[in-house]
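Heads up: the structure comes next, in structure tokens.
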Amino acid sequence: MHELSPEEGSIYGQLDPSRIPQHVAIIMDGNGRWAGKRALKRFLGHQQGAESVQFVVETASRIDLPFLTLYAFSLENNLRRPKSEVSFLMKLLKSYLIGNVKRMNDNNVRMNYIGRTHELPPEVQDTMQWAMESTGKNTGTTLTLALNYGARTEIVDALRKILADLTAEAHSNGCSLEDLLGAGALDRLDEPDISRALYTARMPDPDLVIRTSGEQRISNFLLWQIAYAEILITDRLWPDFRGIHLLEAIADYQRRERRYGGLGENQTDENVSTLEPADQVADEIKQELDPQSHPALTRR
Ligand code: FPP
């Protein structure tokens with residue numbers, strides 16, 4: 001394994017190795033602004049953004065982060081950006097994969113993709129397939145690129161898959177889909193079934209989502225999977241983001257208390273029981289609302 005830089009090492013040294021997140025997902029934003037600030041064309045921002053990808057992936061692999069998912073190209077990017085920019089991003093992806101597969105192998109990184117990748121240009125799909133196969137035996141960080149990805153479409157695709165599987169099951173049982181649903185298949189459908197039908201079926205949900213360039217939104221990214229993720233938004237633009245910033249984000253994550261809708265570690269039954277009993281609180285509220293106890297406020 002390669003070494004962390006001394007600066008990275010000093011942040012890593014302060015982390016609790018038992019609480020490294022299993023999965024970090026990043027919304028890479030700000031390539032255009034990075035270029036604009038330097039009076040450069042947008043495509044140079046994307047090119048610089050691709051450099052950041054490799055730096056961050058390598059730091060992730062050095063700390064044994066199991067899953068890193070990067071939002072590289074959304075369905076909306078595909079539909080709403082000028083054709084020239086989309087075509088540049090496709091070329092950049094292809095050359096990124098060709099240029100970095102060796103480094104992925106050196107760092108034990110396995111490539112994976114999510115999204116409607118079958119709609120990407122065939123030559124890009126070929127290169128993606130080649131990169132995935134070439135890194136398929138690696139056992140370190142799984143790098144997932146979200147490409148032509150939208151979370152709502154992912155949920156639509158999951159529902160289609162569930163219905164198609166149920167239809168096939170009905171046919172193989174010699175009955176109709178209606179019969180199968182009537183016999184309880186609908187009632188048995190639960191959250192793990194939906195999770196298993198998503199593109200991310202074999203991955204844990206992200207523990208931490210990072211968004212660069214300061215925008216406070218999720219932009220249709222992993223909506224189902226981030227239900228309980230911690231979210232960190234940094235003003236830093238993606239082309240300026242490095243491994244050290246990933247480590248700082250993980251340090252911030254480790255300072256947070258994750259509660260999953262519960263009470264958290266410091267809130268035990270014991271200190272809940274020291275709270276005032278509910279009927280006492282109800283009496284206090286009633287008294288507070290009673291006009292007689294506030295004569296100055298009483299209407300004449
Ligand atoms: C957002 O910047 C970024 C994208 C739309 C694409 C992300 C692509 C890369 C990081 C480079 C290529 C990636 C790989 C994996 C090779 P923006 O253009 O929306 O920036 P802006 O909001 O400042 O205009």
(message) What's the number of the only condition in (1) of a type outside the set (Phe, Trp, Tyr); (2) touching an Asp or Glu at 6+ places or on another chain (Cβ under 7 Å); (3) not in a loop (DSSP other than H, G, I, E, B) that residue 26 fails to meet?
(response) (2)
(message) With the requirement that a residue be of a type in the set (Val, Ile, Thr), away from the ligand (no atom under 12 Å from the Cβ) and buried (at least 20 other Cβ atoms within 10 Å of the Cβ), what does the range 20-30 give you?
(response) 24
(request) Could you list, in sequence order, all residues of the range 49-71 that are more than 16 Å from residue 135 (Cβ to Cβ) and assigned to a strand (DSSP E or B)? (result) 71
(message) Of everything in the range 215-244, what is within 16 Å of the ligand (Cβ to nearest atom) and without any contact (Cβ under 8 Å) to a residue 40 or more places away in the chain? Give them in sequence order.
(response) 216, 217, 233, 234, 235
(request) Name the single residue, out of those in the range 38-49 being farther than 17 Å from residue 210 by Cβ and buried (at least 21 other Cβ atoms within 10 Å of the Cβ), that is nearest to the ligand (Cβ to nearest atom). (result) 46
(request) Mind counting the residues in the range 111-126 that are under 22 Å from the mean Cα position of the chain (by Cα) and within 15 Å of the ligand (Cβ to nearest atom)? (result) 7
(request) For residues that are in a helix (DSSP H, G or I) and at pLDDT 70 or above, tally how many sit in the range 236-284. (result) 22
(message) Can you go through 8, 58 and tell me which one is closer than 27 Å to residue 203 by Cα, in contact with a His (Cβ under 8 Å, 6 or more places away or on another chain) and either among the small types (Gly, Ala, Ser) or surrounded by fewer than 23 Cβ atoms within 10 Å (Cβ to Cβ) (or both)?
(response) 58
(request) Take residue 147 and decide whether it is of a type in the set (A, V, I, L, M, F, W, C), modelled with pLDDT of 95 or more and either more than 25 Å from the chain's Cα centre (by Cα) or under 20 Å from residue 68 (Cβ atoms) (or both). (result) yes
(message) Being farther than 21 Å from residue 257 by Cα and hydrophobic (A, V, I, L, M, F, W, C) is the filter here; which residues of the range 199-217 pass it?
(response) 201, 203
(message) Of all residues being over 21 Å from residue 60 (Cα atoms) and β-branched (Val, Ile, Thr) in the range 127-165, which is surrounded by the most Cβ atoms within 10 Å (Cβ to Cβ)? Just the residue, please.
(response) 127
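Residue by residue, here is whether (1) touching a Leu at 6+ places or on another chain (Cβ under 7 Å); (2) over 20 Å from residue 134 (Cβ atoms); (3) modelled with pLDDT of 95 or more holds:
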site	(1), (2), (3)
7	no, yes, yes
20	yes, yes, yes
34	yes, yes, yes
37	no, yes, yes
106	no, no, yes
(request) Could you identify the single residue in 33, 62 that is among the basic types (Lys, Arg) and within 13 Å of the ligand (Cβ to nearest atom)? (result) 33
(message) If I go through the range 78-102 residue by residue, how many of them are out of contact with any helix residue (DSSP H, G or I) (no Cβ under 7 Å at 6 or more places or on another chain) and either near the ligand (Cβ under 9 Å from one of its atoms) or aliphatic (A, V, I, L, M) (or both)?
(response) 3
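The values are calculated or read from the model by the stated rules, or taken from the named source; none is laboratory data. This is a predicted model, so every value here is computed, not measured. When we count neighbours, we look across all protein chains shown, and the Cβ atoms used for this are built from the backbone with ideal geometry, even at glycine.
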